[in-house]
1. What nm value, rounded to one decimal, do you get for the distance between residue 225 and residue 159 when each label is placed 7 Å out toward the C-beta?
2. Test of understanding: what is the full-extension gain from residue 88 to residue 10, defined as 0.36 nm times their sequence separation minus their Cα-Cα distance?
3. Determine which aspartates and glutamates satisfy two conditions relative to residue 37: a Cα distance under 19 Å, and not lying fewer than 8 residues away in the same chain.
4. Can you work out the FRET efficiency for the pair residue 198 and residue 118, with r the C-beta to C-beta distance and R0 = 35 Å, to the nearest 0.05?
5. Using the structure shown, list the pairs from 75/169; 66/169; 22/169; 22/66 with a Cα-Cα distance above 32 Å, or answer none.
6. Please arrange 61, 36 by how many other C-beta atoms lie within 10 Å of their C-beta, fewest to most.
7. Can you give me the angle between helix 43-52 and the longest principal axis of the chain, using Cα atoms only, in degrees from 0 to 90, rounded to the nearest 10?
8. Would you work out the charge dipole size for the chain about its Cα centre, treating the Cβ of every Lys and Arg as +1 and the Cβ of every Asp and Glu as -1, and quote it to the nearest 20 debye?
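Just so you know, all these numbers are worked out from the coordinates, no wet-lab data involved. The shown structure was predicted, so the numbers you read here are calculated from the model rather than taken from an experiment. Cβ: placed from backbone, ideal geometry, glycine included. Neighbour counts: every protein chain shown.
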Amino acid sequence: MALEPKDVLVRMQEDLQRALQKAPGERRWVMVIDLRKCVGCHGCTIACVAENKLPPGVVYRPVVEKEIGSYPNVKRQFIPRPCMQCDEPPCVPVCPVNATYANEEGVVVMDYDRCIGCRYCLNACPYSARTTDFGYTYVDQNLPVMDGVLVGREESDDYERAANYEYGKEWERSGGLQSPVGNARKCHFCLHRVHEGELPACTTTCIGRATIYGDANDPDSLVSELITQSNAVRLREELGTKPKVYYLV
């Protein structure tokens, strides 16, 4: 009796465990998104919002929709767009306070305690992969506005005041302007999960198994196999940013 093929999530989990045995500087985290399998369910977007407790206006992994073909042969294409985690990130050198930088694993991260909210990094990113946290809550979205001011502001619920745990640290949102309110924010490959042996939230919730994550420095990993395929491309490679997110087309 033939054995059923191993689910890619199981293989990615095995790849992840091997990677975590290595020194951080020896890893190269890479994400591969198979556009042929993405069905546009936006599950990855919702999982990311829930995992990182993102407020309104802050989205780390939007799914861009594109119509291709001509009538009557028309179809929709869905393109998830996380941070590209560039090897040459344009957002890093423009930061006047070194609040954004590539860590020892090569992942571009934010230091919310340093960020002054100048938003230079938002302008520098050619992928529009950064957003700013203005401190909004979902309660705000349902209130009337007069002269640019919210009228009859209600109290946000406990979920919206709860802290998140990006970068392995507790970030409070209650009690005035506290980080990351006022800061630039971005996808960070869910490092707080990865370091605990869990795959990024967007990867585990993809119903089509279209998102693959792993260590490209491991020749036996699934991502190492995929990024060498002839149909693997990266967005705007001509800019020299050297993205670590690949797409299979």
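1. So the two model labels end up 3.8 nm from each other.
2. Computed gain between residue 88 and residue 10 is 24.9 nm.
3. Output for residue 37: 7, 65, 67, 225.
4. 0.60
5. Checking Cα-Cα distances, 75/169; 66/169; 22/66 exceed 32 Å.
6. So the residues, fewest neighbours to most, are 36, 61.
7. 50
8. Using Cβ point charges on Lys, Arg, Asp and Glu, the chain gives about 720 debye.
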